[in-house]
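The values are calculated or read from the model by the stated rules, or taken from the named source; none is laboratory data. Computed from a predicted model, the values in this text were never measured in an experiment. Every residue, glycine among them, receives a Cβ derived from its backbone with ideal geometry; neighbour counts consider all protein chains shown. To get the accessible areas, we keep the full protein, side chains included, count just its heavy atoms, and leave off ligands, DNA and RNA. Shrake-Rupley method; radii C 1.70, N 1.55, O 1.52, S 1.80 Å.
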Amino acid sequence: MHRLASVAWAFASVALAFVFGLAGCAHYEVTRIYGGRVRAERFIDEVAYREFLVGAELEERGEWSAAAAAYRRALSDDPESVEAWVRVGAVACRIGADPSVAFAEAERLDASFAPLWRGRADCARALGRPVHEATSRAFLLDPEDEETALEHARSLVESGAIVRARWLLRELAVRHPASLTVWRAILARAVATGDLAWQHAAEARLSELDPRRAPVASDAIAAIEAALVAGDSARAAALAQSGRLGAAGFVGLAIVVGDPALAVTVAERVLAADPDATDVRLLGALAADLARDAARRDRWVTGVGRLHADEVGELGRVALAELVLRHGGETLPESMPMPTSNARAALDAAVARRLRLRGHAPLVTR
């Protein structure tokens, strides 16, 4: 995606240069438009222009060697084309050749050409090398370019500058409020860091920008939570059923909103019908512990028996971890089985995040 965007960007700038240059070729100077900004630059030879467009089309089709040859032909007629040198370097990187000479020549001609540094960053990423220096330079040269800014944010995360990345993404949300790409990046970062406030904001904004977008797991979870907080357990149960949230997820949300009594009641009903519902049993034990019902807690914990990897999910694991911590333990043993993947994995993961973050919520029951 980045490569195609950069090729299209170069294509547009060259095309504009050619069109605007027809009136001023006697002075060998043209007007170019970069992202809405006007720059006066040199005139581009017609043959070089045509070969560059051929190279851009071949590159977009993935015909790297043919594209490289076209760019080289463009350079034979216009050896001072920064754009062509950048594309030669990018294509060389694609085919496993050394791009350094081409990039160095582009830098000699115009070190302030932002796509040069984006090309270097893309090449470094493809080769598994650090990209932060190149993305930083590209961003400083063209901070208004959305893709460059997003790539810089990604490199900040990779280099450990999480806070700076977060602030950059939030700044982009202000500068590009209608960009699906920006809000998707914000959502991905919020999910990765457990930032529920920004996760919900991003999901809401994406739903506004793209009404066809299917509701995500946390949209459904938020609606169920709201019903539980309002004390409407019947509506919460109906939403859980229509949203395909399992019994364990429902019990977990009742704990999250600070209603362990409801969690115990639901767990009791589920276990009466299915005594082998391990996640519900563990969550019920946690709810009973929170409700100071030691007898029921002990009965449910004892009923778990020996845990196996195919019997415990992420919610059960989170509940057991909190029970261990509440009673003097420090962490779960390394042999504790990991959760298995199932059809409700996304919903369960959303509830699990809320369970882990209960200590930061105002309605927490301890």
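When Glu51, Glu46 are compared by accessible area at a 1.4 angstrom probe, the order from most to least is Glu46, Glu51.
Contact order, relative form, for region 108-238: 12 percent (alpha carbon pairs under 8 Å, 6 or more residues apart, mean separation divided by residue count). Accessible-area rank, largest first, for Phe103, Phe139: Phe139, Phe103, with all protein chains present and a 1.4 angstrom probe. Of the residues Asp195, Asp232, ranked by 1.4 Å probe accessible area with the largest first, the sequence reads Asp232, Asp195. Calculate the FRET efficiency for Thr265 and Glu133 from the Cβ-Cβ distance with a Förster distance of 45 Å, rounded to the nearest 0.05. It comes to 0.20. Here region 131-259 exposes an accessible surface that is 57 percent carbon and sulfur, computed with a 1.4 Å probe and the other protein chains kept in place. Spin-label pair Glu144-Glu208: with each label point 7 Å from Cα along the Cα-Cβ axis, the two points sit 2.4 nm from one another. Of Gly89, Ser159, Leu116, which is farthest on the positive side of the dipole of region 82-167, counting Cα position, with +1 on Lys and Arg Cβ, -1 on Asp and Glu Cβ, and the Cα centre as origin? The residue sitting farthest along the positive end of the dipole is Ser159.
Computed with a 1.4 Å probe over protein heavy atoms only, the accessible surface of region 176-273 comes to 46 Å² per residue.
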